[in-house]
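Reading through the structure tokens given below for one structure.
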Amino acid sequence: MSDLLQKDASKEPVSKEVTTENTRVLLELDDISMFFGGVQAVRDMSFTIREGELAGIIGPNGAGKTTIFNMISSVYNPSSGSIWFREQDITLLRAYQVNRLGIARTFQNLRLFGRLSALDNVMTATQNRYRYSFRENLRGHLSPCYRPDPKFHYSFLESLLHLGRWSKTEQQIRTLSMELLDRVGLASRAHQPAGTLPYGMQRRLEIARALALDPKLLLLDEPAAGMNPEEVFALNDLITGIHCEFKLTTLVIEHHMDVIMEICPHIVCMNFGAKIAEGSPEEIQNDSEVLSAYLGDEEAIG
Amino acid sequence: MMKKSLLGNAAFAVVGLTLALWPLSGYEEGIVVLLCINCIAAMGVSLLTGFTGIFTLGHAAYMALGAYTAAIMTVRYGVHYLPAIVAGGIIAVLVAWLIGVPTLRLTGDYYAIASIGLGEAIRLILENWQSFTRGARGFPGIDSYTTRWTAVLFFTVLGAGMFNLIGSRLGRELKASRDDRIAASLMGFNTTASRMKALLISAFYCGISGALLGGYMNFIQPSMFDMMKSTELTAVVVFGGLGSMSGTLIGSAIITSVMEYFRDISQYRMLIYGALLVSIMVLRPEGVLGNREIWSFLPRFGRRD
């Protein structure tokens with residue numbers, strides 16, 4: 001792990017100091033369910049995430065955690081229920097629209113642009129920053145309205161001729177992307193194709209790419225999967241560091257209890273597609289249902 | 001010092017002036033014209049196949065549309081050839097848009113199959129619309145408007161434009177949706193729209209190329225734009241390297257000149273064409289340049305920051 005990440009080890013995990021009780025609700029899941037054919041992957045799930053929170057979802061394998069993320073980011077639309085982001089119904093929006101509203105995510109099974117360099121991966125996201133607002137449409141509903149951030153945007157004609165804002169904007173996109181790569185400790189690998197990077201670096205590159213979108217809500221899908229304890233330690237620092245530095249509401253999925261327990265003050269625990277507990281790490285650790293989900297029931301054994 | 005952003009434009013201006021002014025015999029001039037025509041079409045297909053990952057086996061149809069549009073406009077309506085060539089490209093774009101709306105939902109092999117069908121359908125319409133296109137007898141009497149200057153002019157402008165595009169936000173957008181469509185849509189790209197942009201631009205290039213071909217041959221007929229021509233376009237792109245625009249130009253240049261060199265042995269040169277493709281598949285399966293551009297092999301330009 002690079003020095004950059006080590007530096008953050010000295011920082012206090014700020015998330016524990018910030019009280020989020022009084023801030024606005026950023027994301028609200030309202031009774032959502034998801035069926036795949038006859039299989040019910042998620043059942044009547046509800047929870048809210050407040051602005052500035054660092055929250056976690058835990059649960060055994062197959063509990064439906066990633067399905068929740070896929071519904072929030074509109075890879076799937078839920079079979080029933082609704083999802084609200086900044087008091088706006090985003091249930092049926094398409095993935096790119098949800099993204100432009102400020103939700104960025106990483107993937108459990110890494111989805112980098114494998115043939116592009118690490119830098120190009122981040123630049124692809126940086127160039128796509130949107131500013132957004134909600135505007136009342138004809139039927140009186142609020143609908144999302146986004147326009148490209150002019151600082152990172154230029155027209156088709158300028159692309160075609162490489163004139164006008166092209167070189168200045170490209171330079172800005174490149175500089176910012178390099179800074180983000182540097183932040184996750186990948187500056188020295190900037191020109192290597194993303195697909196050839198070691199596994200842990202690919203995970204951090206995904207985080208940098210998501211951050212490049214300047215999101216309001218960051219979804220991290222099993223960021224510690226396949227990492228050794230030392231890497232997991234550095235990753236925890238990276239996540240808490242990013243959370244405090246960018247003042248970014250973050251939702252993390254993990255099935256490693258220790259990661260979540262250490263960094264998240266707000267935890268939702270799932271099993272078989274349903275929420276079985278929600279609360280602080282202490283509450284979760286002492287919850288009988290959580291213990292039975294992870295360790296098994298006495299009855300079931302006997 | 002010249003601005004770095006205009007390096008590509010300057011390079012194309014130099015190549016264009018060289019192609020236009022270098023003293024050549026009449027026969028060699030013909031090869032240069034053909035080279036320019038083939039390169040324009042290949043660049044279009046390369047954007048779609050190499051950069052966006054959409055395999056097409058029907059792009060000769062867009063060449064046919066360009067060729068017939070320009071031919072009919074110049075011969076029947078006496079339009080000047082420059083606007084007629086551009087109109088050829090625009091008609092190809094319009095038809096591509098109509099085709100793209102329903103078919104771009106298909107991915108991978110499915111789009112390739114659909115493109116064969118649509119390409120053949122367009123060819124058959126041109127063949128059977130006797131009153132307008134003279135059908136299978138072909139369309140004779142086109143002015144030889146594709147002089148060396150015209151061909152080189154179009155090649156230079158379109159070539160510089162293409163290299164500029166792939167070095168811009170659109171290039172990254174297309175490559176992102178090629179490498180991982182779901183991730184691209186979660187980076188805020190409307191991937192269906194990205195694919196449509198690539199299809200429209202590639203149709204424009206093929207339309208222009210077809211219009212120039214008509215002016216070079218003075219005669220066009222639908223069978224010139226059959227599936228053989230389409231596969232040849234895709235083969236050139238694969239030969240040069242998927243995802244490398246300079247590779248496409250090199251591939252196109254190699255194949256065009258080899259085919260010209262063996263013109264004496266007429267149909268047997270297809271054997272050489274086949275041998276060339278097989279040898280590249282064996283020796284360099286990723287194509288001549290792989291997915292890198294030629295300047296990334298130069299030490300100085302390899303790192304661009």
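The values are calculated or read from the model by the stated rules, or taken from the named source; none is laboratory data. Only a predicted model underlies this, so the values are computations on that prediction, with no experimental measurement involved. FYI the Cβ positions are ideal-geometry reconstructions off the backbone, even for glycines, and counts take in every protein chain you see.
If we keep just the residues of region B:175-191 that are within 10 Å of A:T124 (Cβ to Cβ) and of a type in the set (A, V, I, L, M), which is farthest from the other protein chains (Cβ to nearest Cβ)?
B:A184
Could you list, in sequence order, the residues of region B:163-203 that are free of Cβ contacts under 8 Å to residues at least 12 places away in the same chain, over 20 Å from A:L119 (Cβ atoms) and surrounded by 24 or more Cβ atoms within 10 Å (Cβ to Cβ)?
Within region B:163-203, just B:S185 meets the criteria.
Can you name every residue in region A:93-113 that is in contact with a Ser or Thr (Cβ under 8 Å, 6 or more places away or on another chain), outside any helix (DSSP H, G or I) and not polar (S, T, N, Q)?
A:L93, A:R94, A:I103, A:R105, A:F113
Taking the condition surrounded by 15 or more Cβ atoms within 10 Å (Cβ to Cβ), part of a helix (DSSP H, G or I), within 14 Å of chain A (Cβ to nearest Cβ) and without any contact (Cβ under 8 Å) to a residue 24 or more places away in the chain, does B:S296 pass?
So B:S296 passes the test.
Could you check, for region B:143-157, whether at least one of its residues is outside any helix (DSSP H, G or I), free of Cβ contacts under 8 Å to residues at least 12 places away in the same chain and either more than 9 Å from chain A (Cβ to nearest Cβ) or over 15 Å from A:A125 (Cβ atoms) (or both)?
No, because not a single residue in region B:143-157 is outside any helix (DSSP H, G or I), free of Cβ contacts under 8 Å to residues at least 12 places away in the same chain and either more than 9 Å from chain A (Cβ to nearest Cβ) or over 15 Å from A:A125 (Cβ atoms) (or both).
Which of (1) among the small types (G, A, S); (2) modelled with pLDDT of 90 or more; (3) over 19 Å from B:G188 (Cβ atoms); (4) surrounded by 20 or more Cβ atoms within 10 Å (Cβ to Cβ) does A:G64 not meet, given it meets every other one?
Here A:G64 clears every test but (2).
So which residues in region B:172-197 are more than 14 Å from B:R105 (Cα to Cα), under 19 Å from the mean Cα position of the chain (by Cα) and of a type in the set (A, V, I, L, M, F, W, C)?
B:L174
With the requirement that a residue be among the aliphatic types (A, V, I, L, M) and either touching a His at 6+ places or on another chain (Cβ under 8 Å) or not in a helix (DSSP H, G or I) (or both), what does region A:222-254 give you?
Hits for region A:222-254 are A:A224, A:A225, A:M227, A:V232, A:L248, A:L251, A:V252, A:I253.
Quick one: which helices (runs of 4 or more DSSP H) lie wholly within region B:6-114 and hold at least 2 residues that are at pLDDT 90 or above?
So the answer is B:26-46, B:60-77, B:81-103.
Taking the condition of being among the polar types (S, T, N, Q) and either touching a helix residue (DSSP H, G or I) at 6+ places or on another chain (Cβ under 9 Å) or part of a helix (DSSP H, G or I) (or both), how many residues in region A:30-69 meet it?
2
Kindly establish whether B:I254 is surrounded by 15 or more Cβ atoms within 10 Å (Cβ to Cβ), over 28 Å from A:D120 (Cα atoms) and either away from chain A (no Cβ under 14 Å) or under 14 Å from the mean Cα position of the chain (by Cα) (or both).
Yes, satisfied.
Taking region A:186-221, which residues are among the basic types (K, R) and either touching a His at 6+ places or on another chain (Cβ under 9 Å) or over 25 Å from A:H153 (Cα atoms) (or both)?
A:R189, A:R203, A:R204
Quick grid of which residues meet (1) among the basic types (K, R); (2) closer than 29 Å to A:K168 by Cβ; (3) within 17 Å of the chain's Cα centre (by Cα):
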{"position": "B:G16", "(1), (2), (3)": "no, yes, no"}
{"position": "B:G30", "(1), (2), (3)": "no, no, no"}
{"position": "B:L35", "(1), (2), (3)": "no, no, yes"}
{"position": "B:N38", "(1), (2), (3)": "no, no, yes"}
{"position": "B:G44", "(1), (2), (3)": "no, no, yes"}
{"position": "B:T49", "(1), (2), (3)": "no, no, yes"}
{"position": "B:M63", "(1), (2), (3)": "no, no, yes"}
{"position": "B:G66", "(1), (2), (3)": "no, no, yes"}
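In the list B:G78, B:G88, which residue meets the criterion of being free of Cβ contacts under 8 Å to residues at least 12 places away in the same chain, under 24 Å from B:I37 (Cα atoms) and of a type in the set (G, A, S)?
Exactly one of B:G78, B:G88 is free of Cβ contacts under 8 Å to residues at least 12 places away in the same chain, under 24 Å from B:I37 (Cα atoms) and of a type in the set (G, A, S), namely B:G78.
Do the conditions hold for A:S2, that is, is it touching a His at 6+ places or on another chain (Cβ under 7 Å), among the hydroxyl-bearing types (S, T, Y) and modelled with pLDDT under 55?
Judged against the criteria, A:S2 is not a match.
For residues that are assigned to a helix (DSSP H, G or I) and exposed (fewer than 15 other Cβ atoms within 10 Å of the Cβ), scanning just region A:136-171, find the one that is nearest to the other protein chains (Cβ to nearest Cβ).
Out of the qualifying residues, it is A:F156.
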